[in-house]
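The block underneath contains the structure these notes are about, expressed in structure tokens.
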Ligand code: F6P
């Protein structure tokens, strides 16, 4: 019997057994199905996993060679086979590790040299040694980028708000003119540094916004001094020079850093400017800790592996098509958006590494919002909707606001209550009692009670950590990166390319002349032509 068949059989066999009943059968279920790593606790006892299922999933991980693929990634093998690239974002945080070879060359001296340059630049800008063209210190930094060149910087900057003690960072990503207009409104170009963050330095949104921002700077900064206000983060030296960025203001990285994995290097410059080099180093050290854990912990005690296996159990065996990421941490407000790119751009694939259509589903839809806000919006569906949505809760043991500790206690209570309610549910009998106490009788009682039934048995995991520090944030992001990796290996896909974003980009370029009122020979469908006709505009 194949490892998959075995798991299918277990899924069928366990069909009617509730998660709650597993706690009745195993008094130590919490201890047996949770894992600690430093201050982090990962509780997966409120899923349907039992020893047999876990063994089956671990066998699957062994069968597909998760460990050897992991080692190949860390070693610098070209595991991104459709782009013929190594995958080495881990090298960017390999502060205490040894050499990492790509094509026989150790990349670490280059990584550490760039990190030192970033630190020096940040320190000097933060202490006012590097100034704006008029000699004043920079007060604001605008990061212009999109996708991984935006989501990482903005998510981490918000997450680490208590550590911000540098210039104020702002972020522009969307080609929609509203984004740049609203972001630049109120900023003074005379004391604003513009960072153009783009791995390729060709992305339409970023380059268009960068040109607009440069023109905005030129409204007060003399043309010969404009480069004082520009920084580029990119793999392309030529294109950054063409844009007018001085060589010593370009922080480069290599093609083995994927866009959605790039916050650890130059793309993290705005974060370093905001929180300072020391806290940025802490952020890297947190990720490095998780890397070592992922590399060395046995599979059964390996947090990213377990998170990945639970994801596979839910996606492929239970056939749950989405998963919700629910941080009870307001400062992780953009984490779900960040994880959407990390997870869905990595694992939203339909063919296996060898080009054959996948025989099973790949990455699920990832979505979420911070608690408690989500509770007052979409949790209704999570509790009583017809679909089961595995939930991934996150909560800090304490907040950064000791004076508001009571509010943090309410936050924790809500987080724990949600996972308990999802698992426990409320049966018809209890709902009827509730209605009886409110004076209902007969058919009306039954009708009212039915609306108050919660089926329960809805799985969730909870990740608990002490406090959202730079180090903890680094660990959380690396945990999710490696989870995506584990799932990708199990599905046999390439988690490191993103061909699915290309076609739309190409068609947008072809449509632009038509939107601007020109005519072309390009064939388009009736709907697109109808929509174009209704624009009735001229650029
Ligand atoms: O279009 C998708 C994508 O390539 C992402 O993978 C990437 O993070 C984003 O665009 C931005 O790319 P760049 O950093 O090259 O501007």
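The values are calculated or read from the model by the stated rules, or taken from the named source; none is laboratory data. Keep in mind it's a predicted model, so treat the numbers as computed, not measured. Backbone-built Cβ (ideal geometry, glycine too); neighbour counts: all protein chains shown.
Hey, any hits in the stretch 201-219 for a residue that's in contact with a helix residue (DSSP H, G or I) (Cβ under 7 Å, 6 or more places away or on another chain) and under 18 Å from residue 275 (Cβ atoms)? Within the stretch 201-219, not a single residue is in contact with a helix residue (DSSP H, G or I) (Cβ under 7 Å, 6 or more places away or on another chain) and under 18 Å from residue 275 (Cβ atoms). Of everything in the stretch 229-245, what is more than 12 Å from residue 189 (Cβ to Cβ) and assigned to a helix (DSSP H, G or I)? Give them in sequence order. Result: 237, 238, 239, 240, 241, 242.
For residue 489, are the conditions met, namely being assigned to a helix (DSSP H, G or I), touching a helix residue (DSSP H, G or I) at 6+ places or on another chain (Cβ under 8 Å), within 16 Å of the ligand (Cβ to nearest atom) and at pLDDT 95 or above? In short, no. Of all the numbered requirements in (1) assigned to a loop (DSSP other than H, G, I, E, B); (2) in contact with a strand residue (DSSP E or B) (Cβ under 9 Å, 6 or more places away or on another chain); (3) more than 23 Å from residue 257 (Cβ to Cβ), residue 134 misses one, and that requirement is (2).
Evaluate the following for residue 228: is it surrounded by fewer than 24 Cβ atoms within 10 Å (Cβ to Cβ), at pLDDT 95 or above and within 14 Å of residue 122 (Cβ to Cβ)? When the stated conditions are applied, residue 228 does not pass them.
This table checks each residue for (1) surrounded by fewer than 17 Cβ atoms within 10 Å (Cβ to Cβ); (2) within 30 Å of residue 90 (Cβ to Cβ).
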position	(1), (2)
488	no, yes
493	no, yes
501	yes, yes
518	yes, no
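Among the residues of the stretch 503-523, write down those that are away from the ligand (no atom under 16 Å from the Cβ) and without any contact (Cβ under 8 Å) to a residue 12 or more places away in the chain. Result: 512, 513, 518, 519, 520, 521, 523.
Count of the stretch 294-303 residues, restricted to those that are in a helix (DSSP H, G or I) and either surrounded by fewer than 22 Cβ atoms within 10 Å (Cβ to Cβ) or modelled with pLDDT under 95 (or both), is 5. Only one entry of 270, 274 meets the criterion of being away from the ligand (no atom under 16 Å from the Cβ), crowded, with 16+ Cβ neighbours inside 10 Å and either part of a helix (DSSP H, G or I) or more than 19 Å from the chain's Cα centre (by Cα) (or both), and that entry is 274.
Condition check ((1) within 24 Å of residue 131 (Cβ to Cβ); (2) assigned to a helix (DSSP H, G or I); (3) touching a residue at least 24 places away in the same chain (Cβ under 8 Å)) across all residues:
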| site | (1), (2), (3) |
| --- | --- |
| 174 | no, no, yes |
| 183 | yes, yes, yes |
| 186 | yes, no, no |
| 196 | yes, no, yes |
| 200 | no, no, yes |
| 225 | yes, yes, yes |
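For residue 257, are the conditions met, namely being assigned to a loop (DSSP other than H, G, I, E, B) and within 11 Å of the ligand (Cβ to nearest atom)? In short, yes.
I want to confirm something. Restricting to the stretch 202-223 and keeping residues that are assigned to a helix (DSSP H, G or I) and closer than 19 Å to residue 268 by Cβ, which single residue is farthest from the ligand (Cβ to nearest atom)? Only one residue tops the list, namely 210. Set side by side, the residues 295, 384 differ, and just one is more than 30 Å from residue 157 (Cα to Cα), touching a residue at least 12 places away in the same chain (Cβ under 8 Å) and either in contact with a helix residue (DSSP H, G or I) (Cβ under 9 Å, 6 or more places away or on another chain) or within 16 Å of the ligand (Cβ to nearest atom) (or both), which is 384.
The one condition from (1) under 24 Å from residue 465 (Cβ atoms); (2) more than 16 Å from the ligand (Cβ to nearest atom); (3) free of Cβ contacts under 8 Å to residues at least 60 places away in the same chain; (4) part of a helix (DSSP H, G or I) that residue 306 does not meet is (3). For the stretch 428-450, a tally of residues being touching a residue at least 12 places away in the same chain (Cβ under 8 Å) and loosely packed, with under 14 Cβ neighbours inside 10 Å returns 2.
Could you tell me whether any residue of the stretch 109-126 is modelled with pLDDT of 95 or more, touching a helix residue (DSSP H, G or I) at 6+ places or on another chain (Cβ under 8 Å) and assigned to a strand (DSSP E or B)? No; the residues of the stretch 109-126 include none that is modelled with pLDDT of 95 or more, touching a helix residue (DSSP H, G or I) at 6+ places or on another chain (Cβ under 8 Å) and assigned to a strand (DSSP E or B).
In the stretch 244-254, of all residues being over 17 Å from residue 141 (Cα atoms) and touching a strand residue (DSSP E or B) at 6+ places or on another chain (Cβ under 7 Å), the one that is farthest from the ligand (Cβ to nearest atom) corresponds to 244. Just one of the numbered conditions (1) within 23 Å of residue 341 (Cβ to Cβ); (2) surrounded by fewer than 20 Cβ atoms within 10 Å (Cβ to Cβ); (3) at pLDDT 95 or above; (4) within 15 Å of the ligand (Cβ to nearest atom) is not true of residue 176: (4). In the stretch 179-200, of all residues being modelled with pLDDT under 95 and out of contact with any helix residue (DSSP H, G or I) (no Cβ under 7 Å at 6 or more places or on another chain), the one that is farthest from the ligand (Cβ to nearest atom) corresponds to 186.
With respect to (1) within 16 Å of the ligand (Cβ to nearest atom); (2) free of Cβ contacts under 8 Å to residues at least 60 places away in the same chain; (3) over 24 Å from residue 490 (Cα atoms), the lone exception for residue 334 is condition (2).
Looking across the stretch 29-64, the residues that are in contact with a strand residue (DSSP E or B) (Cβ under 7 Å, 6 or more places away or on another chain) and part of a strand (DSSP E or B) come down to 34, 35, 40, 41, 42, 43. Within the stretch 127-152, the set of residues being within 11 Å of the ligand (Cβ to nearest atom) and touching a helix residue (DSSP H, G or I) at 6+ places or on another chain (Cβ under 7 Å) comprises 144, 145, 146, 147, 148, 149, 151, 152. Within the stretch 337-353, take every residue that is away from the ligand (no atom under 16 Å from the Cβ) and touching a residue at least 60 places away in the same chain (Cβ under 8 Å) and give me the one that is nearest to residue 79 (Cα to Cα). Looking at residues that are away from the ligand (no atom under 16 Å from the Cβ) and touching a residue at least 60 places away in the same chain (Cβ under 8 Å), I get 353.
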